[in-house]
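A short worksheet on the structure shown next.
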Amino acid sequence: MTGELHEAKRPVSAVLAGPYGHPFHPMLVAVPIGAWVASMVFDLASRFAPDPGFLAEGSKWLIAIGVLGALAAAMAGFLDLFAIPAGTPAFRTGLLHMGLNLVITAAYAAGFLWRQTGPAAGTSAGTAAGTAAGEVALGPLLLSAGSLALLVVSGYLGGKLAYRYGVRVADEATQAGGFRR
């Protein structure tokens, strides 16, 4: 193993980024991914449900949970990025992955605010109090759909970092311990 590859596998801080071979970033990304996929399901279901208000409201709060989860995942991911030697294909992939995730998180945060303060709170029909009484409006739904599409691209890049470049993945000698009898 070269020195640079060995460096990219070790955490900058095991306490903050996770111990060797068990990084926190991949564990934490399950929160925003799950919340944002579920919010899209709720958005779409709100277009067909007879009483869609609870779905629109649930989607809005799933987006908020996803944004908070993304911020936590970003902190661990940023520490992982520090371990990758600058100027390498893995580092460039990591920068692109991070940049996309920042754009995605900002888009979801904007979508949350749009639903919170937009016309009829981002729904096709709202009450005077601004609570979600109707289906999710087309604008916020399209913003979420576009953000989710970008999330797929970013997830592909994250997979490339781990599975192709081996960033924060234990070396083969360590992995072999799982296959001994």
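What residue, among those in the range 55-104 that are farther than 30 Å from G134 by Cα and of a type in the set (V, I, T), is modelled with the lowest pLDDT?
Going through the qualifying residues, I end up with I84.
So which of I84, I65, I104 ends up being β-branched (V, I, T), in contact (Cβ under 8 Å) with a residue 24 or more places away in the chain and either touching a strand residue (DSSP E or B) at 6+ places or on another chain (Cβ under 7 Å) or open to solvent by 80 Å² or more (accessible area, probe 1.4 Å) (or both)?
When all the criteria are applied, what remains is I65.
Would you say P32 is open to solvent by less than 20 Å² (accessible area, probe 1.4 Å) and in contact (Cβ under 8 Å) with a residue 12 or more places away in the chain?
Working: open to solvent by less than 20 Å² (accessible area, probe 1.4 Å): yes; in contact (Cβ under 8 Å) with a residue 12 or more places away in the chain: yes.
So P32 passes the test.
Which of the residues spanning the range 147-181 are small (G, A, S) and assigned to a helix (DSSP H, G or I)?
S147, A149, S154, G155, G158, G159, A162, A173, A176, G177, G178
Just name the residue that is nearest to the chain's Cα centre (by Cα) out of those in the range 68-81 that are buried (at least 18 other Cβ atoms within 10 Å of the Cβ) and small (G, A, S).
Restricting to residues being buried (at least 18 other Cβ atoms within 10 Å of the Cβ) and small (G, A, S), the top hit is A70.
Checking the structure you have, find out if any residue of the range 116-124 is at pLDDT 95 or above, of a type outside the set (A, V, I, L, M, F, W, C) and open to solvent by less than 20 Å² (accessible area, probe 1.4 Å).
no
Could you check the range 87-101 and list, in sequence order, the residues that are closer than 14 Å to A162 by Cα, open to solvent by less than 60 Å² (accessible area, probe 1.4 Å) and more than 12 Å from the chain's Cα centre (by Cα)?
If the condition is that a residue be closer than 14 Å to A162 by Cα, open to solvent by less than 60 Å² (accessible area, probe 1.4 Å) and more than 12 Å from the chain's Cα centre (by Cα), then A90, F91, T93, G94 are the ones that fit.
The values are calculated or read from the model by the stated rules, or taken from the named source; none is laboratory data. This is a predicted model, so every value here is computed, not measured. Counting neighbours? That spans all protein chains shown, and the Cβs are built from the backbone with ideal geometry, glycine included. Calculation scope for accessible area: heavy atoms of the full protein, side chains included, ligands and nucleic acids excluded. Shrake-Rupley method; radii C 1.70, N 1.55, O 1.52, S 1.80 Å.
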